[in-house]
Amino acid sequence: MDQNTTKVIIASVLVFLVVVLILVMLLLWAKAKLLPGGKVKIKINGEKEVEVESGASLLSTLSNEKIFLPSACGGGGTCLQCKVKVLKGGGNMLPTEEPNFTLKEKAEGWRLGCQVKVKEDMEIEVPEEVFGVKKWDAKVVSNYNVASFIKEF
C-alpha cells in the first residue's frame, strides 16, 4: 500500500468517527429535551404522597417506595393482578391493556400498574390490602418436575 492510500483510509475512519459522535450527541440532546425527566409526585389513595423519579413503570416505582402491587408475571402485563385506578396523569390506555378491562372499568380509570409509565404528577387509588403486602426473600431448596410445565418447589 502506498502512502496516499493509507492517508485516505485514516481520513475516512476519522470522518466516520466524527459523524458517529455527532449523531450520538444529537440523540442524547434530543432525549434530554423530548423525554420528561426529574421528580414527579404521586398521590396514593388521597392520603400518602411520594416524590419519585419519572420514567419507570408505576409498578416498579411503587415497589421502590415499599408499596408492592401483586404481579405474578413480573410486570409483563399478562397476569392482570397489578390493577390500579389512575385518577390523574398516566396518559392514555395502551392497546395491550384495553382488552383486559370492561367499558365501565375504563371509564373509572382502571389501568395495569406494570403498563403505566410515570411521566407526570399522578393521583392513584390502590386496594387497601396492598399496604399489607411484604417482600420476602426466600431460598429454593428443591425443585423437580411433576409433569410437563409443572414444577414443585
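Quick note: the coordinates plus some simple rules give every number you see, no bench work behind them. Since the structure is predicted, the reported quantities are computational estimates derived from the model, not experimental observations. With ideal geometry, Cβ positions are generated from the backbone for all residues, glycine too; neighbour counts draw on all protein chains shown.
Within the listed set A72, A56, A107, the residue fluctuating most in the Gaussian network model of the chain (springs between alpha-carbon atoms under 10 angstrom) is A107.
By the beta-carbon count within 10 Å of each Cβ, the least crowded to most crowded order of I150, I10, I42, fewest first, is I150, I10, I42.
Just rank E108, E152, fewest to most, by other beta-carbon atoms within 10 angstrom.
On the way: E108 13, E152 9.
Result, fewest neighbours first: E152, E108.
Computed over the chain, the per-residue total of -39500 (n - 2.57) for DSSP H runs of n ≥ 4 gives a 222 nm mean residue ellipticity of -9500 deg cm²/dmol, rounded to 500.
Take the residue pairs K41/K104; K31/K104; K85/K139; K43/K139; K119/K139; K48/K117 and return only those whose Cα atoms are more than 30 Å apart.
Working: K41/K104 27 Å; K31/K104 36 Å; K85/K139 34 Å; K43/K139 35 Å; K119/K139 36 Å; K48/K117 19 Å.
From the list (K41/K104; K31/K104; K85/K139; K43/K139; K119/K139; K48/K117), the Cα-Cα distance tops 30 Å for K31/K104; K85/K139; K43/K139; K119/K139.
Against the main long axis of the alpha-carbon atoms of the chain, helix 3-34 sits at an angle near 30°. Summing +1 for each Lys or Arg and -1 for each Asp or Glu among the other residues whose beta-carbon sits under 13 angstrom from that of M93 gives +1. Backbone geometry of segment 39-50 corresponds, through the Karplus equation with coefficients 6.51, -1.76 and 1.60 at θ = phi - 60°, to 3J(HN,Hα) couplings of 8, 10, 10, 10, 9, 10, 6, x, 10, 7, 10, 10 Hz, x marking Gly and Pro. Compute the Cα gyration tensor for segment 25-153, then decide on rounded, prolate or oblate, letting a ≥ b ≥ c be the square roots of its eigenvalues: rounded whenever a/c is under 1.5, prolate when a/b is larger than b/c in the other cases, and oblate in all that remain. Prolate. Here the residues L27, L59, ranked from fewest to most Cβ neighbours within 10 Å of their Cβ, fall in the order L27, L59.
Name the most mobile residue of S60, S12, S142, meaning the one with the largest mean-square fluctuation, in a Gaussian network model of the chain with Cα contacts below 10 Å. Among S60, S12, S142, the largest mean-square fluctuation in the Gaussian network model of the chain belongs to S142.
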